[in-house]
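Worksheet: the structure to be examined is printed underneath.
Derivation of every value follows stated rules applied to the coordinates shown; laboratory data play no part. Treat the numbers as computed from the prediction; the structure is a model and nothing was measured. Glycine gets a Cβ as well: all are built from the backbone with ideal geometry, and neighbour counts include every protein chain shown.
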Amino acid sequence: MLLTIIIFVSVLIAINFLLLKFSSNKIAQRKKSARPFIIRERPSVISTQQLSSQLAPTGT
């Protein structure tokens with residue numbers, strides 16, 4: 001009985017490894033592409049007067 005269980009589990013493990021080897025979830029190799037050029041904008045300076053006109057009153 002114990003030998004039958006060991007053989008059965010071994011066969012299931014072997015099938016699992018075969019399915020893993022021939023799996024269709026293979027990653028396709030991508031060609032190396034040049035990095036895109038990133039344009040960074042300078043942060044605009046906001047004065048306190050501009051900022052205070054945009055804020056809502058809090059009521060305190």
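Side notes on the structure shown:
- Label-to-label distance, V9 versus I38, with points set 7 angstrom from Cα along the beta-carbon direction: 5.1 nm.
- Length added when fully stretched, L19-M1, from 0.36 nm per residue minus Cα-Cα: 3.8 nm
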